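Note sheet for the following structure.
The values are calculated or read from the model by the stated rules, or taken from the named source; none is laboratory data. The structure presented is a predicted model; accordingly, all values stated were derived computationally and were not measured. All Cβ positions, glycine included, derive from the backbone under ideal geometry; neighbour counts span all protein chains shown.
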Amino acid sequence: MMKDKDMLTLKATPGSPITEADLHAYVDDVLSAGRRAEVDVFLTTHADARANIEAWTRQKKMLKQAYDPVADEAIPLRFAVRPPARPPRWLAAAAAVLMAVASGVGAWVVRGEWDQRAMAVRAPASAAAAKAGDLGGFVHRAAVAHAVYTPEVRRPVEVGADQEQALATWLTKRLGATVRPPHLGDVGYALVGGRLLPGGVGPVAQFMYSANDGRRLTLYVTREAAGDKSAFRFSREGEVNVFYWVDEQFGYALSGDIERAELLRVSEEVYRQLG
């Protein structure tokens, strides 16, 4: 969120200043007609705000396509049963403790700190699914991660390209096998940096690249398809094109809002370097 000193100010029309909250409300279509008109005027002279609006709109569409089916599912009967109006005090206290523990565990997982024993238990089932051709799970997660992080301006990655060696060492340790970002300067894309993300059965790595015109690509690296091998496959997830493949230790998914032919050209270079 923007601090007060970063507030966007509307000088051409009367009324209060245009803030980042107004821009988000504009995307969510919850502004009054008058306020929306002020934002429309503001956007005509602020290209950076206009770019943010477009990025947030694409992200909103992608997330809507990904999660609307879940929202439309029927609520299981066991969740529809109403609890007692006044639960015993000990039960309320226990629930508070469980909520605190769950919050801590959730933060731990988001940081990528997965329990290795859980990975060992779940990995065989995942590998079997991958060998059966069910690679859609990690491909879909790769596309959603691309849509979520590429619009970010200030913090698109956790570790920047200026710390590439530290980034590779960190991700190698977390994934349990050598991970390194390919160098794509020869095909027009520079490394922005990378981050650790939660995957289907353990941590995954995401590397981000940027072209001179601002277009971004992300490379998603996961071990959930380890032990398999497959040729290039193409998928379109919402507005995102994805080329993906599996090469023994890792599954890879290169995602971008670019033409299929251009994405394939870059994918072949990634494959050449990592293969």
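Pairing residues of the stretch 27-56 that are not assigned by TED's automatic domain parsing to the domain that holds ARG216 with residues that are hydroxyl-bearing (Ser, Thr, Tyr) and assigned to a helix (DSSP H, G or I), at Cβ distances under 6 Å and at least 6 apart in sequence or on separate chains, gives VAL27/THR57; VAL39/TYR26. Among the residues making up the stretch 127-174, those that are small (Gly, Ala, Ser), within 23 Å of ALA66 (Cβ to Cβ) and modelled with pLDDT of 85 or more are ALA142, ALA143, ALA145, ALA147. Counting only helices (runs of 4 or more DSSP H) that sit wholly inside the stretch 1-83, those with at least 1 residues that are modelled with pLDDT of 85 or more are 20-28, 33-43, 47-71. Put simply, of LEU219, LEU254, LEU197 the only residue that is assigned to a strand (DSSP E or B), free of Cβ contacts under 8 Å to residues at least 40 places away in the same chain and under 18 Å from HIS140 (Cβ atoms) is LEU254.
Does VAL246 satisfy the condition of being surrounded by 16 or more Cβ atoms within 10 Å (Cβ to Cβ), aliphatic (A, V, I, L, M) and at pLDDT below 95? Yes, satisfied.
Total residues in the stretch 145-185 satisfying the condition of being more than 14 Å from ARG195 (Cβ to Cβ), among the aliphatic types (A, V, I, L, M) and under 20 Å from the mean Cα position of the chain (by Cα): the figure is 2. Among residues of the stretch 146-175 that are farther than 16 Å from GLY214 by Cα, those with a beta-carbon under 7 Å from a residue that is modelled with pLDDT of 90 or more and hydroxyl-bearing (Ser, Thr, Tyr) at least six positions away or on a different chain give the pairs THR172/THR178. Being among the hydroxyl-bearing types (Ser, Thr, Tyr), surrounded by fewer than 21 Cβ atoms within 10 Å (Cβ to Cβ) and at pLDDT below 95 is a condition met by no residue of the stretch 212-226.
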